[in-house]
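**Q** To start, I am sharing the structure in question, which I have written as structure tokens.
The values are calculated or read from the model by the stated rules, or taken from the named source; none is laboratory data. Predicted model only: the values in this text are computed from it and were never measured. Heads up, the Cβs are rebuilt from the backbone with ideal geometry, glycines too, and the neighbour counts pull from every protein chain shown. The area values use the complete protein model at the heavy-atom level, side chains included, leaving out ligands, DNA and RNA. Shrake-Rupley method; radii C 1.70, N 1.55, O 1.52, S 1.80 Å.
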Amino acid sequence: MVFDYSALPREFKRRYLPQDITFVWDDISRIFEELNNRPLGSEADLERWLLDEAELDAYLYEQRAVRYFNSTRQTDNPDYAKAYEEYTELLEPKLKLASFKLLGKYVASPFRGRLPAQVYGLDGRRRQNAVSIFRKENVDLEKDDSALSQRYYRITGAMTVSFRGQERTLQQASKFYEVPDRAVREGAWRLSSERALADREALDTIYSEMVSLRDRTARNSGFDNYRDYIFVKKDRFDYSPADCEEFHKGVEEAMVPLSREIDRARAERMGLDVLKPWDLHVDPAGRGALRPFDEVPGLVSGARKLIAMLDTELSSYFERMADLQLLDLDSRKGKAPGGYQEELAEVRLPLIFMNAVGKDDDVRTLLHECGHSFHTFLMRKANLPYFNAGANLPSEFSEVASMSMEIITGEHYEGVFYDKVDAKRSNWKEAVDNVKLFTWVATIDAFQHWVYTHPAHTADERANAWVATFDRFCGLESYEGLESSRTYRWQRQLHLFEVPFYYIEYGIALTGALGVWSRYRKNPKDAIEAYKSALSLGCARPLPELFEAAGVEWDFGPGALNRIAGELRSAVREYAE
Ligand SMILES: [Zn+2]
């Protein structure tokens, strides 16, 4: 499939940017200069200026997305790799600085308080926030931090094992955790674990340096610790570190017992006295992996049927993506691993990238990314300016859009991808995965709270804090004889290195997505209507209002988690039958 970007319909006309602008600094810097020098003498001037800047931002975001898409679709095409590298190395730093200058101009404007709050209020708060924590001396620290991330990637990217006659990445080796033969699972698990442990000291050093850099960054900006700094940096206006601690408590009280019940039932069904870490991903009844489809056309036609059962409008969006060839789904040589949805912000159309090979997870991934795409389409329909629809979209809500779609379409698997028995198997696995996701999010988040509020810790103290946190939320699997694997398990969670404090956002979004699912089971039509109206708000409204519009509670404390655990427990039992 050749991706023909130039053939995409341009339904939103430029008002400000020149038609013939090209993606080089000479051209772009002229636009920044004009925006920077333009006198702003009234609210109307400021409003026009913000909309013009949004047009520029959408253009820049789209150009980046196209280069990223191409480079991941064909990693073996050196032109694509070069184009993306040139962007990140040469252009991106200049764009950051130029955008920051505009931020300063905006904050200095006396008219900003007079713009309509429904459109500009929250965006204004975000801009103010960014300016308030900016310190020149942090720019270099952030650069050093990214360099450390690159080192982390180099080390973990080089981790391979030779298993069953083939060199495999740890990701590839993890597929063997699903095979019924226990010895094979154990072999793959042990090899991967030993390989990861071989680099434990290097990774420990990288992380210690990161923690120290981040602590300095926070102190430069006037904060006591990095945790408090990142809450401001991430525009978390609607929840605090204390709310996250309540989430940890709720998970401990409601989800951990459920997770252990699931493990107990698993051990019984598998006839094992003790579960080991390599026993957690296999079908407990000893059946082979689910096969929902053989080839990509089968995946597309199945997804098409599922979405058509939900709603005609969402269905039309899926058809549009298929018609415009915005779905790159098959796994091919030279294609990067993983899956994502990316927005082309100027034409306002979504792209989906993934590597489908016929697994149950592939169906979930496609529907997940479709949820993100529906977000893009609904914001497009609402004609939101870029600052209310683009890069500011909070994951606490954008993942509600995607996870809801992933979960509710499971209600209709029977007769589409599976027979009755396999549909239940798939939904059982999804429910179990969601319980385990809550416990893992709490583990990762609680650990980071400790790390950044104890910045002077030693590597040994950190290891102890990790084990205590791990034990607080873990399932029933035994690490006897595998203690080092448990002690250094955190090193394999790239979020800890690359995007600190991000992980909680999945946990919060999951409460919302399960709320949508719960509503959908009672009243599908109402649930979908609310889902669509919430998605069409983009990020112009605060998180509690987005959740409310979707018809779900903004509450991730112990009470809410207890109710959710109740529903998940019933689902796990229903699907296990
Ligand atoms: Zn997602």
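**Q** Looking at the range 29-50 only, could you name the residues that are surrounded by 15 or more Cβ atoms within 10 Å (Cβ to Cβ) and either part of a helix (DSSP H, G or I) or at positive phi (or both)?
**A** Of everything in the range 29-50, those that are surrounded by 15 or more Cβ atoms within 10 Å (Cβ to Cβ) and either part of a helix (DSSP H, G or I) or at positive phi (or both) turn out to be 31, 32, 35, 43, 46, 47, 48, 49, 50.
**Q** Is it the case that residue 68 is over 17 Å from residue 28 (Cα atoms), out of contact with any Gly (no Cβ under 9 Å at 6 or more places or on another chain), part of a helix (DSSP H, G or I) and of a type in the set (Ser, Thr, Tyr)?
**A** yes
**Q** In the range 339-370, which residues are without any contact (Cβ under 8 Å) to a residue 40 or more places away in the chain and among the hydrophobic types (A, V, I, L, M, F, W, C)?
**A** Scanning the range 339-370 gives 352, 354, 357.
**Q** So, in the range 387-419, of the ones that are in contact with a Lys or Arg (Cβ under 9 Å, 6 or more places away or on another chain) and of a type in the set (Asp, Glu), which residue ends up farthest from the ligand (Cβ to nearest atom)?
**A** 414
**Q** So which of 346, 319, 342 ends up being more than 16 Å from the ligand (Cβ to nearest atom), surrounded by 16 or more Cβ atoms within 10 Å (Cβ to Cβ), of a type in the set (D, E, K, R) and more than 22 Å from residue 515 (Cα to Cα)?
**A** After ruling out the rest, the residue left standing is 346.
**Q** Taking residue 243 and the conditions (1) part of a helix (DSSP H, G or I); (2) free of Cβ contacts under 8 Å to residues at least 40 places away in the same chain; (3) under 22 Å from residue 496 (Cα atoms), which numbered condition does it fall short on, given that it satisfies the others?
**A** (2)
**Q** Kindly indicate the residue of the range 531-568 that is open to solvent by 60 Å² or more (accessible area, probe 1.4 Å) and in contact (Cβ under 8 Å) with a residue 24 or more places away in the chain and also nearest to residue 439 (Cα to Cα) among those meeting that condition.
**A** 562
**Q** While we're here: Give me the residue from the range 349-370 that is away from the ligand (no atom under 16 Å from the Cβ) and out of contact with any Asp or Glu (no Cβ under 8 Å at 6 or more places or on another chain) and, out of that set, farthest from residue 292 (Cα to Cα).
**A** Taking the candidates together, the pick is 357.
**Q** Return the total of residues in the range 219-230 being in contact (Cβ under 8 Å) with a residue 60 or more places away in the chain and part of a helix (DSSP H, G or I).
**A** So the answer is 5.
**Q** Against the definition (touching a helix residue (DSSP H, G or I) at 6+ places or on another chain (Cβ under 8 Å) and open to solvent by 30 Å² or more (accessible area, probe 1.4 Å)), how does residue 209 come out, yes or no?
**A** It is true that residue 209 is touching a helix residue (DSSP H, G or I) at 6+ places or on another chain (Cβ under 8 Å) and open to solvent by 30 Å² or more (accessible area, probe 1.4 Å).
**Q** How many residues does the range 364-414 contain that are more than 11 Å from the chain's Cα centre (by Cα), small (Gly, Ala, Ser) and under 30 Å from residue 53 (Cβ atoms)?
**A** Residues flagged as more than 11 Å from the chain's Cα centre (by Cα), small (Gly, Ala, Ser) and under 30 Å from residue 53 (Cβ atoms) within the range 364-414 amount to 7.
**Q** Condition (residue is within 15 Å of the ligand (Cβ to nearest atom), in contact (Cβ under 8 Å) with a residue 60 or more places away in the chain, more than 24 Å from residue 566 (Cα to Cα) and not acidic (Asp, Glu)) applied to the range 371-386: is it met by at least one residue?
**A** yes
**Q** Name the single residue, out of those in the range 129-155 being closer than 21 Å to residue 212 by Cβ and of a type in the set (S, T, N, Q), that is surrounded by the most Cβ atoms within 10 Å (Cβ to Cβ).
**A** 138
**Q** Does residue 428 count as touching a helix residue (DSSP H, G or I) at 6+ places or on another chain (Cβ under 8 Å), more than 16 Å from the ligand (Cβ to nearest atom), open to solvent by 10 Å² or more (accessible area, probe 1.4 Å) and modelled with pLDDT of 95 or more?
**A** yes
**Q** Inspect the range 503-521 for any residue being within 27 Å of residue 256 (Cβ to Cβ) and in a loop (DSSP other than H, G, I, E, B) and give the result as yes or no.
**A** Within the range 503-521, one or more residues are within 27 Å of residue 256 (Cβ to Cβ) and in a loop (DSSP other than H, G, I, E, B).
**Q** Filter the helices (runs of 4 or more DSSP H) completely within the range 101-210 down to those with at least 3 residues that are among the hydrophobic types (A, V, I, L, M, F, W, C) and in contact (Cβ under 8 Å) with a residue 40 or more places away in the chain.
**A** 117-133, 136-157, 182-197
**Q** Suppose we filter 333, 305, 359 for residues that are open to solvent by 40 Å² or more (accessible area, probe 1.4 Å), in contact with a Lys or Arg (Cβ under 9 Å, 6 or more places away or on another chain) and farther than 19 Å from residue 4 by Cα; which single one remains?
**A** 359
**Q** Another question, if that's okay. Hey, any hits in the range 277-292 for a residue that's open to solvent by 20 Å² or more (accessible area, probe 1.4 Å) and either part of a helix (DSSP H, G or I) or touching a Leu at 6+ places or on another chain (Cβ under 6 Å) (or both)?
**A** no
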